[in-house]
Amino acid sequence: MNKILSTSLAISFLALTGCATGYKTTIAPEFKSSQKDVHLASFIAQKEMDARAPLANSAGVGAQFGLIGALVSVAIDSSVNQTNIENKEVQIAPLRDALIDYDFNTPFHQEVTNKIAKIDWINVTNQTEVNDQNEIELKDGYFLKVDTSYSLSSDFTTLQVFTNVSLNNVTNEKDKKTGKPKQKVETLFQNLYKYSSPSLERLTKTKEEYDAQVAEVEAWYEARLAKLEKNKSKGDLRAAKKRKMRNIKEEYSFAEGNLKMAELWAKDEAALAKQHLNESAFEISKMILLDLSDTKTIDEYKKDKSIQTYEDGLQVVSEGAQRVIVRDIQTAMAGQLCSLKKGDSGNHCKFKL
């Protein structure tokens, strides 16, 4: 059974540890001097569009008040995060409904695996495309895992696709003490690749929408007032009206704004979302090919001042007419590659810890 960590779990663990040495493991040049038989597997676990929930993390603050404070902070964060995740499921619904007949997984699998199979030092002897990595029983030899997920950013403005690639040497043996099967997995290469769409402008509430909500409360008040018995006080009704009026905001709440953004992405049968999802397969395949041919370490890239800088912490790897591929050399995920529209901010390409 495959024991390799999933992309999200591995990245989350690295972010929590605050490791500053980078994420990428570079393939040794001598390894690529001869062709290697490789089991290539592409995984996409999810079946529908997701969105990143804003997560609370106040454990550091709570720790200032000792162990109890830290534990209380964790408990509160857990409750807040669970609520955010549940809210996200409601907010993303319009886009999910619009994508219900769209197949992202199959063409993505094909694009990525076909490109990797053309690398000269890789001889694909077994190719698997599945949605559940537990379906794979790893045999002895080299195993190249492509693990992909896709989502909207936490503010629903940006569509992102994440692919983690790892090349592992798998050895199945028996435990000398217990005699039970034991699997040894040596990671020879790993890196993360991100595709970010251009960010849409966050929608704001129009004056017409605000006025309509005010008019709705006024109509509710007048209707209830007309039914009020003559000997009854109007005070409670007026108080209820004031509460309703206070709840009307000139701007959308974060949750309302997310729902509006999901509806925007869902327009025209989610044409824009489909466009970026389709493009992501080509861009991520390109990043993987560039990276698997690379032999430099993160430290070497950090010291190389001849490489063009995109913005602080990001180096230009490749650029075309519309998009640019950049390398992160600054964060705990240093080494990761990201494809974004030329001129866009690189914030989505970094994990700022």
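Where a number appears in this text, it was derived from the coordinates with a stated rule and is not lab data. These figures come from a predicted structure and were not determined experimentally. Cβ: placed from backbone, ideal geometry, glycine included. Neighbour counts: every protein chain shown.
Observations on the model:
- Couplings 3J(HN,Hα) for the range 132-140, derived from phi with the Karplus relation 6.51 cos²θ - 1.76 cosθ + 1.60 (θ = phi - 60°), are 9, 5, 6, 6, 9, 9, 6, 9, 4 Hz, where x marks Gly and Pro.
- LEU203 long-range amide H proximity, modeled H, under 5 Å: none
- Rounded, prolate or oblate (a/c below 1.5 giving rounded, otherwise prolate when a/b exceeds b/c) for the range 207-246 by Cα gyration tensor: oblate
- Label zone at LYS118 (point 7 Å along Cα-to-Cβ), backbone N below 15 Å, the range 288-317: 288-293
- If you plug the beta carbon distance of LYS32 and ASN126 into 1/(1 + (r/R0)^6) with R0 = 25 Å, you get a FRET efficiency near 0.80.
- Counting beta carbons within 10 Å around each of LYS303, LYS32, LYS207, LYS88 and listing the fewest first gives the order LYS207, LYS303, LYS32, LYS88.
- FRET efficiency for ALA226 and GLU251, using Cβ-Cβ distance with R0 set to 22 Å, rounded to 0.05: 0.10
- Modelled spin-label separation between ILE100 and ASP236, with each label point placed 7 Å from Cα along the Cα-to-Cβ direction: 4.3 nm.
- Tensor-based shape of the range 127-231 (alpha-carbon gyration tensor, a/c under 1.5 rounded, otherwise prolate or oblate): prolate
- Straight-line cross-link partners of LYS234 among the lysines, defined as a Cα under 24 Å from its Cα and at least 8 positions apart when in the same chain: LYS242, LYS244.
- Here the range 207-246 is treated with +1 on each Lys and Arg Cβ and -1 on each Asp and Glu Cβ, and its dipole about the Cα centre works out to around 400 debye.
- Look at the Cα gyration tensor of the range 227-340: its axes a ≥ b ≥ c give a/c of at least 1.5 with a/b over b/c, and that counts as prolate.
- Residues LEU203, LEU152, sorted so that the one with the fewest Cβ neighbours within 10 Å comes first: LEU203, LEU152
- Qualifying GluC sites (Glu not before Pro) in the range 79-162, DSSP loop, other Cβ atoms within 10 Å at most 14: GLU137
- Derived scalar couplings ³J(HN,Hα) [the range 297-308; Karplus, 6.51 cos²θ - 1.76 cosθ + 1.60; whole Hz; x for Gly, Pro]: 8, 4, 4, 5, 5, 4, 7, 7, 7, 7, 7, 4
- Amide hydrogen proximity for TRP121: with H placed 1.01 Å from N in the peptide plane, no residue at 5 or more positions away or on another chain lies under 5 Å.
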